[in-house]
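**Student:** Right, I'll just put the structure down here and ask away after.
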Amino acid sequence: MPSELESYHGGLIACGGSTGAIALADRRPFALPGDRAVWGRDRPLVIEHLRLEFAFDLQHREVRGVTTTTFHPRVGGLREAVFDAIELDIEAVTDADGHALPFTASDGKLRIDLGRARPAGRSIATVVRYACRPRRGLYFNQPDEGYPDRPTQIWTQGQAEDSPYYFPCVDYPGEKATSEVIATVPTGWTVISNGRLESTSRDRRTTTFHWMQDVPHPAYLVTLVAGEFDVVEDDADGVPVQYYGRRGSADDLRRAFGRTPEMVRFFAEKIGVPYPYDKYATVAVADFIFGGMENTSATTMTDTLLHDGRAHEDMVETADGITAHELAHQWFGDLLTCREWSHGWLHESFATYFDTLFTEHHRGWDAFRYALHRNAQLYLQEDATYRRPLVQSTYSEPIDIFDRHLYERGSVVLDMLRTELGDDLWWRAIRAYVERFAGRDVLTHDLQRTIEETTGRNLDWFFDQWVWKGGHPEFKATYSWDAAHNAATLTLEQTQQPDGQLTSIYRASMEVGFMTARGMRTFPIELTEARQTFVFPLTAEPRFVAIDPGNRVLKTLAFEPGEPMLKAQLADDPQAIGRIEAAKGLARLASPGAIDALRTTLLNDAELDFVRAEVATALGGTKASAARDALVAAAGQGDSKVRRAGAAALGQFPDDAEAARALGNMLSGEGDASYYVQAAAAEALGRTRTPGAYEVLTGVLGRPAHNDVITVGALTGFAHLRDLRAIDLLLDYTSWGRHQNARRAAVDALGALGPLADEPTRLRTRERLEGLLDDRWLRVQLSAIGALAALKDARAVPALRAVSARALEGRVRRNAQLAIRTLTEGADKGAELRGLKDDVEKLQQENQRLKDRLTKLEAAEASPPTPAAPAARRARGRSS
């Protein structure tokens, strides 16, 4: 499925997929009212081949098409062929010899009378001539009054069920056929489609491209992209590799997608099955509605991935991640395709895991474990709102289940399966699975059965708790040392409440490590009960304990080993994830010694960039003045990832002039060398709510940046600043013609500021947001829904109900329903909760100020007496 990966509304930095669900305060059922159990459909036809011919009227955004479908009945007696066809104006239907066939078209179905009972296995061809102005499936990009530089392009997006909006087909993932696309476009244009280019033919005004796809694939993976493009040619051991983008983008294409050949070689070697198609093309298009889409042999990407040299340090991991993700789909999703969408984890979990495997190959073990750690954190955030199994059969439409469970949770589950089997058996099983089901459809049982037959392992328990159920263990750990017997005792308690449906007492294999004078010593343990105690013989008391080194088990863990152990772990744990967890533990303590240890790590140039970034985040969470000083001292140091995290962390110090000054320095003049550090600094400056922040933020609006991220950061900063002067400015930035990322940021900020405004301003804000529910840009629609939910104005419910009823896009429908639930259930609680949140924040700030003063007093008392000083100097000493 398409990847939906973003931060700063277009600076794509994290792997994963999400429908952008509205967060609720308490975990609720995944299914919404009206959702239903969805099972596989009957399949009376075996589709053999699709021949798709297209011509386009750009001015009227119209398609004229001819679809020739070759098929045969699965069983004899078939008299009618039924195809999915939505909003198509069917002009004629004939057989292969041109004889007219009776048909009806209604309710999204084209029913063709075959005239007589047809025998099983004998091929039939139907030819459908039609016209359409698609509202889904195929999109026309053209310049307009707001965006005169937008390129003229045509691109398709079939998944999950949108291909019938532009050609009749059996739109079911398990129904696979060969295909060809013949498209006529203006001369000077290029058409990219599946498979190999068979021919091109030209006349004075048009060019016709003929593409052939010989390996069967489902209708949703048919692609057509047309426009004027630069192309960069590459090669992966004989497989042609191409990158396409708007004219003038060749250098940006190389930066974004240049590691593709290395990825092709890596996946082919590890999977044990060569890349299966004639070529691999990546096409970057404007206004794409997802991050990327793995069409067979020709992935479509958002052109927001293209970037200049200045943005490369921030964008390279993102571009690599989504490129690897979509490429992995060429095996998992395209070559092997789930029979039903409820088993879509066989696509998305695999692609998400395999892009982390490329991270392991390219950047090493620690970066790999950190990528999976981030995946787990993204899933845990979503799990707080709802919980579901990986195989989910109850939904409204397939897009509903393309969430953090399907992408990120599933990737961690696959990693646990790899750990359970060991590398040798894991890769042997993966190769057998791909070889056995290449070109076929699959269900989860096929994966499990293949693994069991290949490895001899029974995995009923694993699939039961991790695939057919949801959730994860929530561990509470206690540790003690028995000096008399040189023994360490560890008790692990699973505190989650089993419900018999989604949540279990989990079986998990993990290791426990002890750092001794001789290095790390690890012991394997098996967890099967709600509470278990383990005793480990050692030669001396360990410096620290590492529970599940490398974080191989999906879980939460409550463990407080104390400051000495945490400091030792931060300094010496060989696993980067262990050092990160130690940093978080020290931040919870927020003692002078803990903050000093964190400062040392932050300033350590030899430490990994992502560890230093996590340390910066941890320091910000302490809200201590010493932590602020450490962040200020580190400002401008390290790579952009560290600087970005440091800037964001300084935003955790409200009303702090030193933090605001450091952030202002990142924005002054031309600012930090990284667009994204400047964006983080602008947002963080708003969080400080310091005098002058408004003027600084307005001063950076419109500063040139990749994906307009600096303006996005400033607009987001206004949301945190709570300065109502920004509302008119934000309303202006929602206008058509502003950068789409800035429009979304402005919409989000209005949702945050609106509740603080007076009634007339709230009314203006709500009416503007309601108007944006029908915006021409999908992502603005989604942001408007979220902003209306944040506005806490139940008067928006009718508008949300209306958009939920009329929207074609499933993400709009589901998010509107969630927003309605938020508004109807929380209308009476919003003001009360906001007041409580403000009170808690003020108490936290005052508590930290008192702790800082106590620390200084204790330090002063511990200092030796000093000789008498002049009166002025003594006075300064007393005031401190």
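**Student:** Taking the Cα centre of each part, how many Å lie between the stretch 394-455 and the stretch 633-671?
**Tutor:** If you average the Cα positions of each part, the centres end up 43 Å apart.
**Student:** Return the long-range amide H neighbours of residue 295 (sequence gap of 5 or more, or a different chain), with a cut-off of under 5 Å between placed amide H atoms.
**Tutor:** Close amide H contacts, sequence-distant or interchain: 300.
**Student:** What ranking, highest mean first, results for peptides 96-105, 650-659, 234-243 when packing means the other Cβ atoms within 10 Å averaged over each residue?
**Tutor:** 650-659, 234-243, 96-105
**Student:** While we're looking at this one, here's another question. So which aspartates and glutamates pass the test for residue 641, namely a Cα distance under 12 Å, with those fewer than 8 places away in the same chain ruled out?
**Tutor:** Hits, sequence-local ones excluded: 313, 314, 317, 609, 614.
**Student:** Do you know the relative contact order of the chain, to the nearest whole percent, from alpha carbon pairs under 8 angstrom that are 6+ apart?
**Tutor:** 9 percent
**Student:** Further, regarding this structure: Collect residues whose amide H, placed 1.01 Å from N in the peptide plane, falls under 5 Å from the amide H of residue 223; neighbours closer than 5 in sequence don't count.
**Tutor:** 194
**Student:** Pick out, from 191, 218, 243, the residue whose Cα sits farthest towards the positive end of the charge dipole of the stretch 177-249, with +1 on the Cβ of Lys and Arg and -1 on the Cβ of Asp and Glu.
**Tutor:** 191
**Student:** Provide the gained length on full extension for the span residue 526 to residue 237, in nm with one decimal, where the gain is 0.36 nm per separating residue minus the Cα-Cα distance.
**Tutor:** Result for the pair: 99.6 nm of gain on full extension.
**Student:** For residue 279, which aspartates and glutamates qualify as cross-link partners when the Cα separation must be under 16 Å and same-chain residues fewer than eight apart are set aside?
**Tutor:** 180, 198, 214, 233, 234, 235, 237, 262, 294, 326, 334
**Student:** So if I place +1 on the C-beta of Lys and Arg and -1 on the C-beta of Asp and Glu, and nothing else carries charge, what would the dipole magnitude of the chain be about its Cα centre? I want it in debye, nearest 20.
**Tutor:** 1460 debye
**Student:** Now for a separate question. About the Cα centre, and with charges only on the beta carbon of Lys, Arg (+1) and Asp, Glu (-1), how big is the dipole of the stretch 662-758? Nearest 20 debye, please.
**Tutor:** 120 debye
**Student:** Using the Cα centre as the reference, give the magnitude of the dipole from point charges on the C-beta atoms of the stretch 126-205 (Lys, Arg: +1; Asp, Glu: -1; all else neutral), rounded to the nearest 20 debye.
**Tutor:** Result for the stretch 126-205 is approximately 280 debye, rounded to the nearest 20.
**Student:** List, in order, the whole-Hz ³J(HN,Hα) value for each residue of the stretch 790-802 obtained from phi through the Karplus relation with A = 6.51, B = -1.76, C = 1.60 and θ = phi - 60°; use x for Gly and Pro.
**Tutor:** 5, 5, 6, 10, 5, 5, 7, 4, x, 5, 5, 5, 5
**Student:** Say the dipole of the chain comes from +1 at the beta carbon of Lys and Arg and -1 at that of Asp and Glu; which of 130, 257, 309 then lies farthest toward its positive end?
**Tutor:** 309
**Student:** For the pair residue 58 and residue 461, what calculated FRET efficiency results from E = 1/(1 + (r/R0)^6), where r is the Cβ-Cβ distance and R0 = 56 Å, to the nearest 0.05?
**Tutor:** Here the calculated transfer efficiency is 0.45.
**Student:** Taking a ≥ b ≥ c as the square roots of the Cα gyration tensor eigenvalues, with a/c under 1.5 meaning rounded and otherwise prolate when a/b beats b/c, else oblate, which class fits the stretch 713-776?
**Tutor:** Since a/c reaches 1.5 but b/c is at least a/b, the shape of the stretch 713-776 is classed as oblate.
**Student:** Could you work out [θ]222 nm for the chain from helices alone, using -39500 (n - 2.57) per DSSP H run of at least four and dividing by all its residues? Round to the nearest 500 deg cm²/dmol.
**Tutor:** -13000 deg cm²/dmol
**Student:** Need the C-alpha centroid separation for the stretch 159-205 versus the stretch 706-733, integer Å.
**Tutor:** Rounded to whole Å, the Cα centres lie 42 Å apart.
**Student:** Collect residues whose amide H, placed 1.01 Å from N in the peptide plane, falls under 5 Å from the amide H of residue 217; neighbours closer than 5 in sequence don't count.
**Tutor:** Result for residue 217 returns 177, 178.
**Student:** Here is a follow-up. On a straight-distance basis, which aspartates and glutamates could pair with residue 109 in a cross-link, Cα separation under 17 angstrom, same-chain partners fewer than 8 positions away excluded?
**Tutor:** Qualifying aspartates and glutamates at Cα under 17 Å: 42, 80, 84, 87, 89, 91, 161, 162, 171, 175.
**Student:** Here's something else I'd like to know. Match the structure shown to one of the listed values [x] 57; [y] 31; [z] 36 of percent of Cα pairs over 45 Å apart, computed from it, and give that label.
**Tutor:** [y]
**Student:** Using heavy-atom solvent-accessible surface (probe 1.4 Å) with all chains present, what is the largest-first order of 489, 503?
**Tutor:** Largest accessible area first, the residues go 489, 503.
**Student:** Hey, another quick one. Using the structure shown, select from 270/584; 623/792; 176/469; 555/584; 469/555; 270/469 the pairs with a Cα to Cα distance greater than 26 angstrom.
**Tutor:** Correct reply: 270/584; 623/792; 176/469; 270/469.
The values are calculated or read from the model by the stated rules, or taken from the named source; none is laboratory data. The structure displayed is predicted, hence computed values, not measured ones. With ideal geometry, Cβ positions are generated from the backbone for all residues, glycine too; neighbour counts draw on all protein chains shown. Please note that ligands, DNA and RNA were not included when accessible areas were found on the heavy atoms of the full protein model with its side chains. Shrake-Rupley method; radii C 1.70, N 1.55, O 1.52, S 1.80 Å.
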